[in-house]
Amino acid sequence: MTDIMIKNNGLEILDGDFTTVTEIEKVKQHITVALNTFKGDWILNRNKGINYAHGFRNTTYLENDVKKQLTAIENIRSIDNFEMFFDKTSLTVKITAIVNTVYGKIYLDEILYTQ
């Protein structure tokens, strides 16, 4: 399966046509989308997304919620070496992990701005 490439919060177009992603690049894109979707933001499924608001009060909840969103992504087998750091001053969350997919490993190193 293929997906339309998202780049800089927009659809990537090359020579008048959509650019697509497959396999591991598709999984990477789905990870980025999952980590940047706030619970209730997606109109078609209000339960989809991470509940950062509740997670700020309970970092264990936030960590479990992030893992739950990641493991729900198609073609992800497991997540290893997961670490999450929450900076209350800047309201950022840094997530590092090794994501094992059916296509290989993805080394996740993301900083999320949750404001």
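The values are calculated or read from the model by the stated rules, or taken from the named source; none is laboratory data. Every value quoted in this text rests on a predicted model; they were computed, and no experiment measured them. No Cβ is skipped: glycine too gets one built from the backbone with ideal geometry, and neighbour counts run over all protein chains shown.
Observations
- Any chance residue 99 is part of a strand (DSSP E or B), in contact with a Phe, Trp or Tyr (Cβ under 6 Å, 6 or more places away or on another chain) and not polar (S, T, N, Q): no
- Test: residue in the range 76-86 that is in a strand (DSSP E or B), touching a residue at least 12 places away in the same chain (Cβ under 8 Å) and basic (Lys, Arg): yes
- Count of the range 58-74 residues which are touching a helix residue (DSSP H, G or I) at 6+ places or on another chain (Cβ under 9 Å) and surrounded by 14 or more Cβ atoms within 10 Å (Cβ to Cβ): 7
- Output for the range 1-30, where each listed residue is of a type in the set (Asp, Glu) and in contact with a Ser or Thr (Cβ under 9 Å, 6 or more places away or on another chain): 3, 12, 23
- Residue selected from the range 1-52 under the condition basic (Lys, Arg) and exposed (fewer than 15 other Cβ atoms within 10 Å of the Cβ), by the criterion farthest from residue 113 (Cα to Cα): 46
- Any chance residue 55 is buried (at least 16 other Cβ atoms within 10 Å of the Cβ) and either more than 14 Å from the chain's Cα centre (by Cα) or hydroxyl-bearing (Ser, Thr, Tyr) (or both): yes
- For the residues 63, 83, 23, the requirement of being among the charged types (D, E, K, R), more than 11 Å from the chain's Cα centre (by Cα) and on the phi > 0 side of the Ramachandran plot singles out 23.
- Filter result for residue 50 (β-branched (Val, Ile, Thr), in contact with a His (Cβ under 8 Å, 6 or more places away or on another chain) and in contact (Cβ under 8 Å) with a residue 12 or more places away in the chain): no
- Number of the condition not met by residue 68 [criteria: (1) at pLDDT 90 or above; (2) outside any helix (DSSP H, G or I); (3) among the basic types (Lys, Arg)]: (2)
- Failed item, numbered, when residue 8 is tested on (1) at negative phi; (2) out of contact with any Leu (no Cβ under 8 Å at 6 or more places or on another chain): (1)
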